Amino acid sequence: MNALRDALRDLPEAVFADVLDNEEHYLIVLDLPGTTAETVEIDVDCGKLTIEARRDKDVDRSFRFLSEERSLFLDVDLPLPPDAVPGDATASVSRGVLEIELPKQSAHGETIPVTEG
């Protein structure tokens, strides 16, 4: 979990992120203004989340850029917490806020039913 927090601290200054958890899930929240579900891709590989996002700049064509500081792309790798189960993760984006919910492995173990047979 510390590696994830450290990685979030290294995000570009324009990206704000929170990590929350409860007994069953982690929730990663990233502010990615201008993105939609079609412009965000999340992959899991080798114990990390790779998030690629792009946004369109919809500006009035009668203006020209004097300064262009808002990045069009975000490409970031975040380490997964060791007890996260990425195969059951869900993600959604609404109004430029990306939420990734990662289930945790059961800390209590599983019960295997035994039948006569």
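Values quoted throughout were computed directly from the atomic coordinates according to the rules given, and no laboratory measurement underlies them. Just so it is clear, the model here is predicted, and its values are computed rather than measured. Note: ideal-geometry Cβ built from the backbone for every residue, glycine included; neighbour counts use all protein chains shown.
Quick notes on this structure:
- Whether the chain is rounded, prolate or oblate, judged on the alpha carbon gyration tensor where a/c under 1.5 counts as rounded: prolate
- With a cut-off of 12 Å between beta carbons, the residues surrounding VAL44 carry a summed charge of -4, where Lys and Arg count +1 and Asp and Glu -1.
- Sites counted here are GluC sites (Glu not before Pro) in a DSSP loop (not H, G, I, E or B) having no more than 15 other Cβ atoms within 10 Å; the longest part of the chain that contains none of them is 25-67.
- 11 Å reach of a label modelled at LEU27, 7 Å along Cα-to-Cβ, counting backbone N of the range 76-107: 99-102
- Between ASP58 and ARG95, the FRET efficiency from the beta-carbon distance, with R0 = 25 Å, is close to 0.95.
- Overall, the anisotropy analysis places the range 19-64 in the prolate class: the square-rooted eigenvalues a ≥ b ≥ c of its C-alpha gyration tensor yield a/c not less than 1.5, with a/b exceeding b/c.
- Between the beta carbons of ILE42 and ASN2, assuming R0 = 25 Å, the FRET efficiency works out to 0.70 to the nearest 0.05.
- Residue-span extension gain [ASP88 to LEU72] - 0.36 nm each, minus C-alpha spacing: 2.8 nm
- Computed [θ] at 222 nm, deg cm²/dmol, the chain (DSSP H ≥ 4; -39,500 (n - 2.57); rounded to nearest 500): -2000 deg cm²/dmol
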